[in-house]
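Single-structure report; data block below.
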Amino acid sequence: MTRTAPRICPLCEATCGLSLVVDTHGGPIEEHAEADGHLREHVTGARGDADDVFSHGYICPKGASFPQLDNDPDRLERPLVTRDGRFVEVGWDEALDEAVTRLRAVIDTHGGSSVGFYLGNPSAHTIAGTMYAPLLARAIGTRNVFSAGTLDQMPKQAASGYLFGHAGTFAVPDLDRTDHLVIIGANPVVSNGSMATAANFPGKLNALRHRGGRLTVIDPARTRTARLADTHLAPRPGTDAALLAAIVTCLFDEGLVADDLGGIATHVQGVDELRREIGDLTPERVAPYCDVPAEDIRGLARAIASAPSAAVYGRLGTTVVEFGTLGSWLIDVVNVLTGNLDRPGGVMFPTAPTAPAPRPARPGRGFRTGRWRSRVSGHPEVAGELPAVAMAEEFETPGEGQLRALVTVAGNPVLSAPNGGRLAAALDAADVVVCVDPYLNETTRHADVILPPPRPSQSPHFDAILNNLAVRANARYSPRVLPLPDGRPDEIDIVCRLILGLSGAGIDADTGLVDEQVIAATLSKEVTDPHSSVAGRDVETLVAMLPDAPGHQRRLDMMLRLGAYGDGFGAREGLTFADVLAAPHGIDLGPMCPRLPGVLRTASGKVELAPDPLIGDLARLRAAVHAEHATGDPSLLLVGRRHLRSNNSWMHNLPALTGGTNRCTLQMHPDDAARLGIDGVATIRGAGGSLTVPVEITSDIKPGVASVPHGWGHDDAETRLSVAAAEPGVNVNILNDGTRIDPLSGTVVLNGLRVVVGPA
Ligand SMILES: Nc1nc2c(c(=O)[nH]1)N[C@H]1C(S)=C(S)[C@@H](COP(=O)(O)OP(=O)(O)OC[C@H]3O[C@@H](n4cnc5c(=O)[nH]c(N)nc54)[C@H](O)[C@@H]3O)O[C@H]1N2
Ligand SMILES: Nc1nc2c(c(=O)[nH]1)N[C@H]1C(S)=C(S)[C@@H](COP(=O)(O)OP(=O)(O)OC[C@H]3O[C@@H](n4cnc5c(=O)[nH]c(N)nc54)[C@H](O)[C@@H]3O)O[C@H]1N2
Ligand code: SF4
Ligand SMILES: [Mo]
């Protein structure tokens, strides 16, 4: 017998609705279940949910592999702790108690900041990661907070912070209505989009073409996305900030700046200063550096300016690069100057149903970095985080404030970050490492305690973060599809019990206490805000209106009711959590709407187009543009790539996703291969180390560029990834010594790194 159940896919930012097929006879899946006396139901299939209001049935190979992920025999079911240098399975109370006692001991002796906290990518896709993990960092009491953000989007956060006043306020391309989409350094046909939550990105690109719109792709590789483009420009990696600066100078010089900035000029300041400061970075000046003809840059500037609407969108090719924050800033500068900020078809600010309801415009405190600094290299804090690549040195370097312990939630920095070997050694030497993670992998194998979350099917789901990036507002909640076995904490419970343990309440305290504190604090603030829908009301009365339900649902109800579409706790018609729960395929809340000026929190209350730190960093860009470029340089510039059947470092263990074209190879142009005498296998050397990799020769890669995917290198015998180990690949991040950082965001350079390639 089978039944089906809707479940939002947690495997990428597209948040597709899946329809899971559940075998209700129970499965022989793994021995533990039998030992526990559970004959469990299990998930046997996943289809796209045709009724899902956001994804309308779309699914990709990763989503289709949900059952294999859920049933993966290598997934940890019980906590592991080290005893005499080996991992042993223990019960939940013992593992949690050990984690808390050992972390407490470090905190009591050396202070909260001696414990580091690393939050990895999948945390953006879980309730535990979005609504609870930040509270765990606070309970530890540490300023040594790290995340995959400084391997990814932090430059975009910093740029958005300077432009709009808050590092979480993002302008997202209005994919469904734009007339000209310009994609820079992203491959959404494969990645399914990032920092722009849209299900069926490939379908949206096709729809753009069908309605007569234009697609421009800027990428040194002719990716699957580039193949759909009307125009494909292939710049030298790392040079996009210069190319964008040249578009800006061209807009100014050719009088292409939109009248009244498309109607938002009163909300923008700094246009004249920008024009002055961007100066000589003209298309002709940057063309040799970018290796893109000046006429192509001018042509693009004109095309963006003349389109009825246009949206410039950048991702990893524009962030994990030397000028990541400058590039992210200039993307939105082009959007502003061409009149495309905050208008349909341009880039707009989404309104998530759980975000606080929009308030009237008011100047904010603005965005600044460096409220504290990393101890060893003095990196400034950015959006509350220090660079992930600084973790190893913070462990290695003795002295006051040295890192002695680490808590990770959903991260694999030993593979995903440069310096993996150094970090691994540091973790082995640490007093204690606690990982909340379902796998014994390259990072968690250095832990003292591993606390595995249950299967995705046993976890509820709500996208509290990704809704802030959605091209169409929606509210969707997935309850657990399979029940949790007795005594098995879910990830919310695991994180809450760590919080309660560290805060002194004890690991056995009611986990709902964590939520009640957040609820009380949030509502106490709301009732004193004259612009809140609950201004002046009594907190206890409001709390009493929340459902008698698990803590996360009570919080979601509060957030929804206070949000833009909420009922204001009965003050108006609107959403409650009960409405969302009653709509298993979700509630569509419509397209993005204009949000200026209310969304701004800069000190001026305007979009600040020429912030000092960015203007200041132009000197570094100018120096790179003007530097002499040696001809005949034997080195190549390394870039990354993604594959439809890969997900960073952690899905190579699913048979359905491995093999075929999903291989860890070095892709390079035939001219380079001939010049360097390479055939079959190559050796790559970078500042951090060297690797031997199979080569794929393809004219889809620009000459002078080498493309190698990340997340491979599963050859550590101490891990438990039996499928991945059979085809381990190599860890490309070994090549990177992690010393090149975008100074404004603390983000390490992963794309555009110089490497030397030769025959193996
Ligand atoms: N299937 C799959 N989907 C994923 C992931 C995955 O691993 N697999 N990972 C998820 C994650 S964590 C993220 S952050 C997103 C990333 O989403 P994307 O950014 O869309 O993914 P990438 O494939 O890294 O695309 C980056 C592109 O930038 C190009 N590039 C590299 N350097 C430069 C440069 O200097 N300039 C320009 N213009 N282009 C450059 C590369 O050739 C590549 O095509 O994908 C998410 N989705
Ligand atoms: N060279 C190079 N390096 C890169 C990139 C690149 O393009 N090139 N991309 C970078 C990017 S964009 C990113 S986002 C980072 C990713 O960096 P990380 O987030 O550090 O690494 P992931 O590979 O995503 O590993 C995710 C971890 O989460 C665990 N996990 C999976 N599901 C869950 C869950 O539900 N709960 C918990 N608690 N754990 C879970 C997995 O077992 C795994 O250990 O890598 C970066 N590294
Ligand atoms: S695109 Fe694929 S991985 Fe991403 S949410 Fe949809 S089904 Fe899941
Ligand atoms: Mo990412």
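Observations, loosely collected:
- Amide proton proximity set for A564, modelled H, under 5 Å, gap of 5+: A355, A357
- Site pair D529 and V681 shows an inter-label distance of 6.0 nm when each label is modelled 7 Å from Cα along Cα→Cβ.
- Computed from the C-beta positions of H25 and D51 and an R0 of 30 Å, the FRET efficiency is 0.70 to the nearest 0.05.
- Between R78 and R302, the modelled labels are 7.1 nm apart [label points 7 Å from Cα along Cα→Cβ].
- Per-residue Cβ neighbour rank within 10 angstrom, fewest leading, W329, W372, W712: W372, W712, W329
- The stretch 154-349 shape via C-alpha gyration tensor axes, a/c threshold 1.5: rounded
- Beta bridges per DSSP with both ends in the chain, % antiparallel, nearest 5: 55 percent
- Shape of the stretch 553-607, Cα gyration tensor, a/c cut at 1.5: prolate
- Extension reserve of the D548-M1 stretch, reckoned as 0.36 nm per residue once the Cα distance is removed: 193.6 nm
- Going from the fewest other Cβ atoms within 10 Å to the most, the residues M131, M154 appear in the order M131, M154.
- In plain terms, the chain is cut at each of the GluC sites (Glu not before Pro) found in a DSSP loop with at most 10 other Cβ atoms within 10 Å, and the longest leftover piece is 1-399.
- Unit charges at the beta carbon, dipole of the chain: most positive-side option, L135, M592, P293: P293
- Using the Cβ of M1 as centre and a radius below 15 Å, the other residues enclosed give a net charge of 0, where K and R count +1 and D and E count -1.
- Taking 0.36 nm per residue of sequence separation and removing the Cα-Cα distance, the R362/D260 pair yields an extension gain of 34.6 nm.
- Anisotropy class of the stretch 630-759 from Cα gyration tensor, a/c 1.5 cut: oblate
- Relative contact order of the stretch 226-306, defined on C-alpha pairs under 8 angstrom at six or more residues apart (%): 47 percent
- A simple count of charges around G57, restricted to other residues whose Cβ falls under 9 Å of its Cβ and scoring Lys, Arg +1 and Asp, Glu -1, yields -2.
- The stretch 672-760: trypsin sites (Lys or Arg not before Pro) falling in loop per DSSP and having at most 14 other Cβ within 10 Å: none
- Segment C593-D633, extension gain: residue separation times 0.36 nm, minus the distance between their alpha carbons: 9.5 nm
- The order of H531, H180, going from fewest to most other C-beta atoms within 10 Å of their C-beta, is H531, H180.
- At R0 = 41 Å, FRET efficiency that the Cβ-Cβ distance of E89 and T541 yields, to 0.05: 0.30
- Simple spin-label estimate for R276 and L513 in nanometres, 7 Å along Cα-Cβ: 5.8 nm
- Spin-label zone in the stretch 676-717 - amide nitrogen under 11 Å from a point set 7 Å from the Cα of T739 along the C-beta vector: 687-688
Here, each number is a calculation from the coordinates, and none is a lab measurement. None of these values were measured; they are calculated from a predicted model. We place every Cβ from the backbone using ideal geometry, glycine too, and count neighbours over all the protein chains shown.
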